[in-house]
């Protein structure tokens, strides 16, 4: 994922249903975000796995004909819409089989379905996207810094004082500030890049 055109390039490659490398890249890139949406919808782990597979199948069928038009909406909005819709179908199908579903499970499914139509859900999905991008950015930049620099940054991010970090890591307080600034600047640039590439 090295340029702002990566998403468009990947979508072009996905027009070939049998390009296994591109489909693997799609799964690795967007699969974790789909799982995050499903968790925001309060689906349990087993249902998340089933739904994730269903959504990947829908993508496999739909994306070869997909015409990406950024002016009409982001690609992540398409993924979010497909995920919510499929989750709704899944829950309604399960609700029809109430005889084989416990009372507790029936209540959970009802709450999950109500959650799909909740006005707060979109805010939650946006937050999940931000967490997804931040985690991906953090994973992408770690090999650019020494373990010591990363340790200092994680300590300061968790609220430790500069003085304590300096003492425990045997670096000067001024170095703690320099490390923090270097990592933070790199992380912010990576987040911006990923948002441009993947949204």
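The values are calculated or read from the model by the stated rules, or taken from the named source; none is laboratory data. Just so you know, these numbers come straight off a predicted model, no measurement behind them. Glycine also receives a Cβ, built like all others from the backbone with ideal geometry; neighbour counts cover every protein chain displayed.
If you take the residues in region 72-90 that are in contact (Cβ under 8 Å) with a residue 40 or more places away in the chain and in a helix (DSSP H, G or I), which one is nearest to residue 8 (Cα to Cα)?
Per the stated criteria, the residue is 75.
May I ask you to list the residues in region 147-170 that are surrounded by 14 or more Cβ atoms within 10 Å (Cβ to Cβ) and part of a loop (DSSP other than H, G, I, E, B)?
Of everything in region 147-170, just one residue is surrounded by 14 or more Cβ atoms within 10 Å (Cβ to Cβ) and part of a loop (DSSP other than H, G, I, E, B), namely 160.
Just one of (1) assigned by TED's automatic domain parsing to the domain that holds residue 13; (2) assigned to a helix (DSSP H, G or I); (3) surrounded by 14 or more Cβ atoms within 10 Å (Cβ to Cβ) trips up residue 128, so point out which.
Going through (1) assigned by TED's automatic domain parsing to the domain that holds residue 13; (2) assigned to a helix (DSSP H, G or I); (3) surrounded by 14 or more Cβ atoms within 10 Å (Cβ to Cβ) one by one, residue 128 breaks only (1).
Give 42, 93, 110 a once-over and let me know the one that is part of a helix (DSSP H, G or I) and touching a residue at least 12 places away in the same chain (Cβ under 8 Å).
110
Give the number of residues within region 171-190 that are outside any helix (DSSP H, G or I) and either surrounded by fewer than 14 Cβ atoms within 10 Å (Cβ to Cβ) or modelled with pLDDT of 95 or more (or both). Full working, then the answer.
Of the residues in region 171-190, the ones outside any helix (DSSP H, G or I) are 171-172.
Of the ones still in play, those that are also either surrounded by fewer than 14 Cβ atoms within 10 Å (Cβ to Cβ) or modelled with pLDDT of 95 or more (or both) are 172.
Matching residues across region 171-190 total 1.
State all residues of region 15-38 that are under 24 Å from residue 135 (Cα atoms) and in contact (Cβ under 8 Å) with a residue 24 or more places away in the chain; if no residue qualifies, say none.
23, 26, 27, 29, 30, 31, 32, 33, 34, 36, 37, 38
Can you confirm whether residue 85 is more than 22 Å from the chain's Cα centre (by Cα) and either surrounded by 14 or more Cβ atoms within 10 Å (Cβ to Cβ) or modelled with pLDDT of 90 or more (or both)? Please lay out each step first, then the result.
Details: more than 22 Å from the chain's Cα centre (by Cα): no; either surrounded by 14 or more Cβ atoms within 10 Å (Cβ to Cβ) or modelled with pLDDT of 90 or more (or both): yes.
Criteria not met by residue 85.
Just checking, does region 136-146 include any residue being over 27 Å from residue 25 (Cα atoms) and part of a helix (DSSP H, G or I)?
To start, the set of residues in region 136-146 that are over 27 Å from residue 25 (Cα atoms) comprises 146.
Subsequent filtering for residues that are part of a helix (DSSP H, G or I) retains none.
No - not one qualifying residue is present in region 136-146.
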